[in-house]
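Heads up, the thing below is written out as C-alpha cells.
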Amino acid sequence: IKELELKTIKSQINPHFIFNALNSIRALVDEDPKRARQAITELSNILRSSIQVDKIEVTTLEKELAIVKDYLALEYIRFADRLIVEYEIEPKTIDNEMPPMMLQTLVENAIKHGLSKQPGDCIIKIISKFDQEKHILLVQNTGILSAGEKDGFGLQSTRERLNILYRGQALFEIYQCTPNQVTAKLAIPISIHKK
C-alpha cells in the first residue's frame with residue numbers, strides 16, 4: 001500500500017513539473033528562437049534526469065541539485081535578469097539521501113509564488129546543512145506568503161511523500177521569515193554513514 005501511494009504521488013508530480021517547463025519554452029518560440037533551442041536542451045536534461053529518478057525512491061542531494069540547476073537555467077531564460085539564485089551548501093550534505101524531485105518542487109514553488117507574483121527582482125536562496133542528526137534544507141524566496149500557498153498541490157504532495165517515506169521522522173513547514181521573505185524548510189534524517 002505504501003509503495004502504491006508513493007508511486008501515485010510521484011506520478012502526479014512529474015506531469016505538473018513538465019507542464020510548467022513546456023509553458024516556459026512555448027513563450028520563447030516566437031520571441032527568441034535561439035533561446036528557445038537552449039531551453040529545449042535544458043528541458044531534455046531535466047527529462048533525462050526525471051526518467052532516471054522515477055525508478056528509485058531516494059536520490060542524493062548532489063543529483064537533486066543537478067536537476068534544480070537545469071530547471072533554474074530554464075527559468076533564467078524566462079525571467080531574464082529578475083531571478084537571482086544563491087547557494088549555501090555544506091559539502092558534507094551533498095551525499096545525503098532525499099526523495100527525488102522534492103527540492104525541485106520547493107524551488108518551483110518559490111518561483112511560482114515569489115517571482116511570478118511580484119514586480120522586480122526575486123532572490124532564491126538554497127541552503128543545505130546538518131543540524132542535530134537532521135539534514136536541513138531551506139528554500140527562501142523574496143515575497144509574501146499568501147493564505148492558500150501553504151496548501152497548494154506541490155506542497156501537499158511534499159507532506160504526503162515525507163509521511164510515507166520517513167514515518168513521522170521528517171518535518172516540512174513554510175512560513176514568512178521576514179516581511180519580504182518566505183522560507184520553505186525541510187528536515188529529514190541523515191542517511192549517509194559518518195566517516
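The values are calculated or read from the model by the stated rules, or taken from the named source; none is laboratory data. Since the structure is predicted, the reported quantities are computational estimates derived from the model, not experimental observations. Neighbour counts run over all protein chains shown; Cβ positions are idealised from the backbone, glycine included. Protein only, heavy atoms only, side chains kept; ligands, DNA and RNA dropped before computing areas. Shrake-Rupley method; radii C 1.70, N 1.55, O 1.52, S 1.80 Å.
Counting 0.36 nm for each residue step from Asp131 to Ile51 and taking away their Cα separation leaves a gain of 25.6 nm. Under a 5 Å amide H cut-off, with hydrogens placed 1.01 Å from N, Ile89 pairs with Ser128 among residues at least 5 apart or on other chains. Cα-based values for segment 31-158, radius of gyration first and Dmax second, are 15.1, 50 Å.
Qualifying GluC sites (Glu not before Pro) in segment 25-67, where qualification requires a DSSP coil assignment and no more than 14 other C-beta atoms within 10 Å, comprise Glu31. Excluding ligands, DNA and RNA, the accessible surface per residue across segment 86-191 is 44 Å² with a 1.4 Å probe.
All other residues whose Cβ lies under 11 angstrom from that of Met98 are scored, Lys and Arg at +1 and Asp and Glu at -1, for a net of -3. Averaged over residues, the count of other Cβ atoms within 10 Å places the peptides 94-104, 170-180, 117-127 in the sequence 94-104, 117-127, 170-180, highest first. Placing a label point 7 Å from the Cα of Val58 along the Cα-to-Cβ line, the residues of segment 78-102 whose backbone N sits under 17 Å from it are 92-102.
On a full-extension model of 0.36 nm per residue, what is the gain between Ile84 and Asp32, subtracting their alpha-carbon distance, rounded to one decimal in nm? Present the calculation step by step, with values, prior to reporting the outcome.
On the way: separation 52, 0.36 × 52 = 18.72 nm, distance 2.16 nm.
This chain segment gains 16.6 nm when fully extended.
Geometric descriptor of segment 19-101, per residue, is 91 Å³ (volume of the convex hull of the Cα atoms).
Give the carbon-plus-sulfur fraction of the accessible surface of segment 58-164 in %, rounded to a whole number; probe 1.4 Å, heavy atoms of protein chains only. On segment 58-164, the fraction of accessible area on carbon and sulfur atoms equals 51 percent. Net charge dipole, segment 60-149: roughly 280 debye, given to the nearest 20, about the Cα centre with Cβ charges of +1 for Lys and Arg and -1 for Asp and Glu.
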